[in-house]
Amino acid sequence: MKVSIVTATYNDVKHLQKSLTALLEQDYDNIESIIVDGGSTDCTVKVIQDFKDQFKGTVKWVSEKDKGLYDAANKGIRMATGDIIGCYWDVFADNNVISEIVQRISEENTDGVHGDLVYVDGEQVVRYWKMGQGKIKRGWMPGHPTLYLKKEVYEKYGLYKENYRCSGDYEFMVRCLKDESVKLSYIPKVMIRMFYGGLSTSSKDAYRRSIKEGIIALKENHVKHPYWVTFLRILVTSRQFFNCSRKLAGNK
């Protein structure tokens, strides 16, 4: 199966280089790399051109002004021709992540896959994300950077809602997973090293906004008891911080 990897970027060449280097190292051959640049003024375009010369798969890219991350992601998904599509602006933890994604979806005949991730600040791990399987209504959600879905899931449920500032990914996952008709495989290992300081983790204000937008997402998708679900979600994610602190303390 062809895997389309959508990368959105804007004036962040340092992280882009790390992401593309890890993509170059993947051992799976049938990859379509789609890079959507928001019209960067640094050397992003040169990095993309150099990457295109080295990459063995297909590369599509555009550099133009956009309306934000979710607009950029939607552009990339519309450009995608792969059987499986994922959004990627972090770093693969191993060189066989894409191979495992394809193998797991094929063997289990599921609609997509997710796994574990770690948040990193430079080279330091600051948080672990290990969710396993669960239900949206119980506060569970997959780690979005590890979520890879068959193209038909996007065709059925649509793309990211661009009116969300930092929880468009959560709204999308609620929309797809609330009725449990989309079946996900789970890979119990770290798939992604996520750059800390994204839209929902950059500050306390951003986190509070993500919670408010999360409640709106639950209401829009007619999930019962949205405030209770949000409380459970906060509880579940808080355990991630606790488990990380405990694990990091044990490694010292």
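Odds and ends about this structure:
- For the chain, share of DSSP beta bridges that run antiparallel, in % to the nearest 5: 30
- Exposure of His144 as accessible area (Å², to 10), given a probe of 1.4 Å and all protein chains: 20
- Electrostatic tally near Arg165: other residues with Cβ closer than 9 Å to its Cβ, Lys and Arg +1, Asp and Glu -1, net 0.
- Helix 168-177 and the longest principal axis of the C-alpha atoms of the chain enclose an angle of approximately 70°.
- CD proxy at 222 nm, helix term only [per DSSP H run n ≥ 4: -39500 (n - 2.57); per residue of the chain; nearest 500]: -13500 deg cm²/dmol
- P(r) of the chain over all Cα-Cα pairs, binned every 10 Å from zero, in whole percent: 7, 31, 39, 20, 3, 0
- Degrees, to the nearest 10: 97-108 long Cα axis against longest axis of the chain: 60
- Within region 19-48, backbone nitrogen closer than 11 Å to the virtual label 7 Å beyond the Cα of Thr81 toward Cβ: 32
- Spacing of the two label points (7 Å from each Cα toward its C-beta) at Arg239 and Lys67, in nm: 3.8
- Helix 226-251 and the longest principal axis of the Cα set of the chain meet at an angle near 70°.
- FRET efficiency for Lys212 and Lys189, using Cβ-Cβ distance with R0 set to 45 Å, rounded to 0.05: 0.85
- For region 1-70, applying the loop criterion from DSSP together with a ceiling of 15 other beta carbons within 10 Å to the trypsin sites (Lys or Arg not before Pro) yields Lys56, Lys65, Lys67.
- All other residues whose Cβ lies under 9 angstrom from that of Lys137 are scored, Lys and Arg at +1 and Asp and Glu at -1, for a net of +4.
- For Asp27, the solvent-accessible surface with a 1.4 Å probe is about 80 Å², rounded to the nearest 10.
- Taking 0.36 nm per residue of separation and subtracting the current Cα-Cα distance, fully stretching the chain between Gln133 and Glu220 would add 29.0 nm.
- For region 47-90 and region 132-161, distance of Cα centres in Å: 19
- Kirkwood hydrodynamic radius over Cα pairs of region 1-133, then Stokes diffusion coefficient at 10 °C and 1.306 mPa s, in µm²/s: 103
- Sorting Glu100, Glu171, Glu180 by solvent-accessible area of protein heavy atoms yields Glu180, Glu100, Glu171, largest first, with a 1.4 Å probe.
- Over 26 Å between alpha carbons, listed pairs Lys75/Lys189; Lys67/Lys156; Lys130/Lys178; Lys18/Lys65: Lys75/Lys189
The values are calculated or read from the model by the stated rules, or taken from the named source; none is laboratory data. No experiment lies behind these values; they were computed from the predicted model shown. Cβ: placed from backbone, ideal geometry, glycine included. Neighbour counts: every protein chain shown. Each accessible area value is taken on the protein alone, full model and side chains, heavy atoms only, with ligands, DNA and RNA left out. Shrake-Rupley method; radii C 1.70, N 1.55, O 1.52, S 1.80 Å.
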